Amino acid sequence: MTAAYFAKKQQVSLRTVQNDIKQIKRELENAEYISFESTARKGCRILATDMNQMPMVKEYYYRQFSSVSINYQNERINQILLLLLKQHRAISLYDMETSIFVSHSTLINDLKRISDVLKKYNLELLRSSNKVVIDGSEVNKRLCMLEQNLILSADGILAPIASDDNTLEKVKNILVDTLVEFRRPVTEAALKNLIVQIYVALKRIQDWFFISPNDLQVTEQFQPEQKIAQAICKRISEEFLIRIPDTEMIYLTLYMRGQGNFTSGDLISHEVDDLVLAALTEIRDLHGIDLTDNLKLRIALALHTAPLIIRLKYDMQLDNHLVDYIRQNFPQGFDLGIYFAAYLQKVFNKRVRDDETAFLAIHLYNALVEQQRAQGTKRILVISSMRQSENILLRQTLLNWLSDEIAELAFVTPDQIKEDHMDLYDILLTTEKGSFYDMGLAFYINPFPSRHDHMNLKLAIDGFRSIDDITSIFPKELFFVRNGELRETILRKMAKHATTYFQIEDGALEDAVLQREQLGSTFFGNGIAAPHPIAAVSSDSFVAVTELPQAVEWDEEKNMVRLVLLVCIGKNNTKAFQLWNYLSKVFADRTFVERLLPDPSYEHFINLLKETIADNFRN
């Protein structure tokens, strides 16, 4: 293989590859069972002198080099990031080239990417002459290290920051002992995150990096978190013989407060309750969905919003690994979450990430479905051995599927079932293939239900609507195929055509769609975007469609889109909101766009749409 092949594959310069080849040649000079050959203009190769030993040789070199393979660009970027974050003053480009084993041109290209990464954390890559340094707060530097996976991998602590001692275990023991002493309950995930936060703080302090008083502008007093943080810092200080500044203790206090451990028994402040009510009022006024009288929702949102405010103020927003699942399967709830988050953004001047929005979406969607099912006709009982917290996705999925048909949805364990349940409920479901299933008393449903489960339930309830009713709001006159256009151009053209077709007030739809785009991405996964107006601008409900044979970059995350569905729900038409439930099947279908593009016609699109929706209802 030639040096040019490796340069293109690894996205590095020829000089970097040539240096690497020299290193490989030196490494293999005295190797047994293999030899290295390199010929000008022909390339290089490795020859096996004993094929019987090759499996052992491959395993040896794989174990030795796979974990430190910094020639792959993403791994190399992280390596450079970590090197820069460990510098107290500017480092020369020459020293970096030597340390990372790359050419000057490769390093310059990598620094451009690093500069883009740092902007996400309000950090700046400063360059003077032939030196560079990262400028910004220590809080943001630690956030960058955590979110860019410079600390933890799937296998644990990464070698660059880890040591051979049992530091992590000591931190864990100190934390657990302190939380037990203060009788502070904590989830497994929160405990793990807290261990990592303290571990990173300890390592940074040992390297003489400290949080500055200017990084934190704290006016509140948080108890009991502050007392717990003081006890943890005291024990860390004694164990590792280091002095921990008050700023580190304050930041740990904020982090614990921001993680949130609120329950319905905690006191909700008037300020938080007023904030939640104001956000729901704005949703009602702008979108015609009134949830302001739902006390259960207001309590749930307040309990979530109280720690969220801390996370917003001090840039500690949580990750949510289910964000894509929630966005695709509960699009209407996610959209309401976007609007709720937009109100918080106005108040605190901080953008709420999609990960946090997804948490809000679950509460809002649940309340919306409860409102829609108030006139339902079926009482459903689910028999499950899982804990209530583990049933949340099953509950939300059932409410999503059967929102118009359910009058009540309850969960019980097998030992809680009573004889009168058979008379009180119309349908019994079970998540275990046990006695209730064997006797034919309950339908089996997977705890993570599939389309087949959906089909069975729909058939049992017998409440399907016409598929033609759905496809009728996809007018052929608003179906387009475009190439080589940017997102904003596509949106403006689609809005303009829809405005003319439905005689909407000139500019109203376009403005409302672009306003919604400013709140957050309308990418719903699998190459599909579903832009929509921030508020209804017409009494008509419709979907305009644009297919993109050449994918278009849709948002800051560089998600690529090949199908755009401009969704418009008629003003004051609450039933039309159910369209999102059907579209969620399209969003979640990984093959929909692939099957669509070979034949970019309106008829093919409608047939695929019918097939995707009907798939949920077939035997």
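Tabulated values for the structure
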| item | result |
| --- | --- |
| Any chance A358 is open to solvent by less than 10 Å² (accessible area, probe 1.4 Å) and not polar (S, T, N, Q) | yes |
| Residue within segment 540-558 that is under 25 Å from D469 (Cβ atoms) and part of a loop (DSSP other than H, G, I, E, B) present | yes |
| Selected residue [assigned to a loop (DSSP other than H, G, I, E, B) and over 27 Å from the mean Cα position of the chain (by Cα)] from R235, R243 | R243 |
| Of all residues making up segment 303-312, the number that are crowded, with 20+ Cβ neighbours inside 10 Å, under 18 Å from D335 (Cα atoms) and not hydroxyl-bearing (S, T, Y) | 0 |
| Flag for D207 being open to solvent by 40 Å² or more (accessible area, probe 1.4 Å) and touching a helix residue (DSSP H, G or I) at 6+ places or on another chain (Cβ under 9 Å) | no |
| Qualifying positions in segment 297-325 - farther than 17 Å from G337 by Cβ, in a helix (DSSP H, G or I) and of a type outside the set (A, V, I, L, M, F, W, C) | K313 |
| Selected residue (criterion: farthest from Y365 (Cα to Cα)) from residues of segment 290-302 that are aliphatic (A, V, I, L, M) and buried (at least 19 other Cβ atoms within 10 Å of the Cβ) | A302 |
| Filter pass, N581 being within 21 Å of the chain's Cα centre (by Cα) and at pLDDT below 85 | yes |
| Long-range neighbours under 6 Å by Cβ, at least six apart or interchain, first residue open to solvent by less than 20 Å² (accessible area, probe 1.4 Å) within segment 252-280, second modelled with pLDDT under 85 and among the charged types (D, E, K, R) | T253/E225; M256/E225; G258/R311 |
| Segment 123-151 residues that are within 23 Å of E248 (Cβ to Cβ) and part of a strand (DSSP E or B), paired with ones that are among the acidic types (D, E) and open to solvent by 30 Å² or more (accessible area, probe 1.4 Å) (beta carbon under 7 Å, 6 or more apart) | D135/E124 |
| Tabulated pairs, segment 404-429, first under 23 Å from Q371 (Cβ atoms), second of a type in the set (S, T, N, Q) and open to solvent by 30 Å² or more (accessible area, probe 1.4 Å), C-beta under 7 angstrom, 6+ apart or interchain | D404/Q372; E405/T377; A407/T377; F411/Q388 |
| Any chance L318 is hydrophobic (A, V, I, L, M, F, W, C), farther than 20 Å from A529 by Cα and buried (at least 20 other Cβ atoms within 10 Å of the Cβ) | no |
| Enumeration of residues in segment 79-101 that are within 20 Å of K22 (Cβ to Cβ) and open to solvent by less than 10 Å² (accessible area, probe 1.4 Å) | M96, I100 |
| Residues of segment 12-54 classified as touching a strand residue (DSSP E or B) at 6+ places or on another chain (Cβ under 7 Å), part of a loop (DSSP other than H, G, I, E, B) and either free of Cβ contacts under 8 Å to residues at least 24 places away in the same chain or within 25 Å of T98 (Cα to Cα) (or both), total | 2 |
| Residue ID - most open to solvent (accessible area, probe 1.4 Å), chosen from residues in segment 440-459 that are modelled with pLDDT under 75 and within 17 Å of S384 (Cβ to Cβ) | F443 |
| D324 vs. criteria at pLDDT 80 or above, surrounded by fewer than 19 Cβ atoms within 10 Å (Cβ to Cβ) and within 20 Å of the chain's Cα centre (by Cα) | yes |
| Residue count for segment 109-124, restricted to those that are open to solvent by 30 Å² or more (accessible area, probe 1.4 Å), under 28 Å from Y314 (Cβ atoms) and at pLDDT 85 or above | 6 |
| Residues within segment 76-122 that are in contact with a Ser or Thr (Cβ under 6 Å, 6 or more places away or on another chain) and assigned to a helix (DSSP H, G or I), tallied | 2 |
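Here's the yes/no breakdown for (1) under 18 Å from R311 (Cβ atoms); (2) free of Cβ contacts under 8 Å to residues at least 40 places away in the same chain; (3) of a type in the set (D, E):
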site: P185; (1), (2), (3): no, no, no
site: K192; (1), (2), (3): yes, yes, no
site: Q206; (1), (2), (3): no, yes, no
site: F209; (1), (2), (3): no, no, no
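Here's the yes/no breakdown for (1) in contact with a strand residue (DSSP E or B) (Cβ under 8 Å, 6 or more places away or on another chain); (2) modelled with pLDDT of 85 or more; (3) open to solvent by less than 40 Å² (accessible area, probe 1.4 Å):
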residue	(1), (2), (3)
E517	no, yes, yes
D540	yes, no, no
A551	yes, yes, no
L565	yes, yes, yes
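Let's see how each residue does on (1) surrounded by 14 or more Cβ atoms within 10 Å (Cβ to Cβ); (2) in contact with a Lys or Arg (Cβ under 7 Å, 6 or more places away or on another chain); (3) at pLDDT below 75:
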| site | (1), (2), (3) |
| --- | --- |
| A3 | yes, no, no |
| F6 | yes, no, no |
| Q11 | yes, no, yes |
| T16 | yes, no, yes |
| K22 | no, no, no |
| F36 | yes, yes, no |
| K42 | no, no, no |
| R45 | no, no, no |
| T49 | no, no, no |
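The values are calculated or read from the model by the stated rules, or taken from the named source; none is laboratory data. Quantities reported herein were computed from a predicted structural model and do not represent experimental measurements. Don't worry about glycine lacking a Cβ; one is built from the backbone with ideal geometry, like all the others, and counts go over all protein chains shown. The area values use the complete protein model at the heavy-atom level, side chains included, leaving out ligands, DNA and RNA. Shrake-Rupley method; radii C 1.70, N 1.55, O 1.52, S 1.80 Å.
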